[in-house]
Amino acid sequence: MASLSVKPGQRFTLPDWQNNSILISADAEQQRYNSHHIRQEGRALRNETGNQARWDEHNSRTHLKDRIACVDKWREALARCLTDIDLEIDALTKVKEAAENAIQAKNLCLDVAIECLTLRESRRDIDVVRDPVEEELLREVKVIEKTKKELQQRVADAFRQLCLLKEARQQVISDHKHKVEALELDRQCMSFNPTSGNISFKVNPTRIPDGSTALSEWEQNSRCNKERAEAEIKASVDLRGAITLSIAQTNNELDAQRIATEFALRKRMRDMEAALNELRWQEQNTLDEIAEMEEEIRQLEEDIRKRTLDLKVAHTRLETRTYRPHIELCRDQAQYGLADEVQQLEGIIRALQKKRTESQDALDALYRQLHRIRTDIGYKTNSLQLDNKCMDTRRKLVVSVEKFEPEVDAVNRTRDLPRKSQLEL
């Protein structure tokens, strides 16, 4: 017969069982309450952190946009400044080259003036005078040397200003390049989002990198670069104006001096031609007088010859009458007449001979004067030829030259001027 099996172990009472059920229910309710509370807190936290994250990301994106706009504004300003610097460097270079060309042109003027002085050193004797032409030529040499020195100083100033412009340009280029790189990086940061494939955790991303600068220092650096570039551009524009004015002033001064020299040279040539005409007139008159004097001497010699023959006749008559015989050898009127005739003829011959001597001396003096006139004509002809050579030499100065102003103003700070002109004496 089968027996009833009894489960071993402790037996609980019904109240224990009920209490246990109640406790389990209470614990379940408590756990659900706690879980609900945690869920509510988690939901609130998720909402709060999500909103905060979205706001922070929006705020960061806004700051990046503002920063990109600020950097791009400075980039554009520096780009314009760089363009202005490039144009100004080109304009100043052209003005510097114009000044150098002006100096080179002055070398030709100096060579011409020195050549004229050298030519005029070939004058001879009395024509070697310190005339106004020589004074103007010496003054022209001084003016040319002074203008060359002034233009050389302007060229040196332009060279120094070009160095400053290029230095400022290099700083602007460097700053502009850095801003372009910064813009590229910030725009790359703008493109990042949670779905980007190139995002990852970084080691200590909030560290402050070495060489970091404050915002005020960054802005001050950009402003200093821009202001320095603008200051150098302004200084360059002023210098270009000064160089252009110096070229114009030196050209005007040299043109005025050349005109004065040419005026003195032409006046001297007119005076020389007048002197030559006067000397030629004197030469012709002297030649005429010499011819008349030679004819007069021939007439005097002819008269002396005739009076000598007359004297011979009178002497012969007197000598012949000395052979009259005895009482016939008397001192009659014929004898007295013949004696008077002899005395008169001898006096006439002496007077004629004296006059012939005086005439010969006058003729010799005329020949000496003629030689002197012809020698002086030779001197003055040589001087006139030398001055004509000077005029031919100075025709080298009538050349087409480039105007020394730039064709187009680089940054619209000075007026446009014509390119070409003719330097005419």
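Quick look at the numbers
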read-out	value
Test result for LYS226, within 30 Å of ARG154 (Cβ to Cβ), open to solvent by 90 Å² or more (accessible area, probe 1.4 Å) and among the basic types (Lys, Arg)	no
Residue in region 79-105 that is most open to solvent (accessible area, probe 1.4 Å), counting only those that are within 19 Å of CYS224 (Cβ to Cβ) and in contact (Cβ under 8 Å) with a residue 24 or more places away in the chain	ASP84
Flag if GLN153 is open to solvent by 70 Å² or more (accessible area, probe 1.4 Å) and under 22 Å from the mean Cα position of the chain (by Cα)	yes
Residues within region 19-78 that are closer than 30 Å to ASN225 by Cβ, open to solvent by 60 Å² or more (accessible area, probe 1.4 Å) and polar (S, T, N, Q), tallied	1
Residue count, region 129-140 (criterion: of a type in the set (A, V, I, L, M, F, W, C) and open to solvent by less than 20 Å² (accessible area, probe 1.4 Å))	2
Residue match in region 319-331 (condition: at pLDDT 85 or above, out of contact with any Asp or Glu (no Cβ under 9 Å at 6 or more places or on another chain) and open to solvent by less than 30 Å² (accessible area, probe 1.4 Å))	no
Any chance SER236 is open to solvent by less than 60 Å² (accessible area, probe 1.4 Å), more than 20 Å from ASP84 (Cα to Cα) and either among the polar types (S, T, N, Q) or modelled with pLDDT of 85 or more (or both)	no
Filtered residue count, region 332-361, keeping only those that are open to solvent by 40 Å² or more (accessible area, probe 1.4 Å), within 30 Å of GLU283 (Cβ to Cβ) and either part of a loop (DSSP other than H, G, I, E, B) or touching a helix residue (DSSP H, G or I) at 6+ places or on another chain (Cβ under 9 Å) (or both)	3
Flag if ILE126 is in contact (Cβ under 8 Å) with a residue 12 or more places away in the chain, touching an Asp or Glu at 6+ places or on another chain (Cβ under 8 Å) and open to solvent by 60 Å² or more (accessible area, probe 1.4 Å)	yes
Among residues of region 308-336, those that are among the small types (Gly, Ala, Ser) and farther than 23 Å from GLN353 by Cβ, counted	1
Boolean, GLN153 is at pLDDT 90 or above and on the phi < 0 side of the Ramachandran plot	yes
Test: residue in region 195-216 that is assigned to a helix (DSSP H, G or I) and surrounded by 10 or more Cβ atoms within 10 Å (Cβ to Cβ)	no
Count of residues meeting criterion [hydroxyl-bearing (Ser, Thr, Tyr) and more than 19 Å from ALA182 (Cα to Cα)] in region 22-75	4
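The values are calculated or read from the model by the stated rules, or taken from the named source; none is laboratory data. Remember, it's a predicted structure, so these values are computed and weren't measured experimentally. When we count neighbours, we look across all protein chains shown, and the Cβ atoms used for this are built from the backbone with ideal geometry, even at glycine. These accessible areas exclude ligands, DNA and RNA; they are computed on the full protein's heavy atoms, side chains included. Shrake-Rupley method; radii C 1.70, N 1.55, O 1.52, S 1.80 Å.
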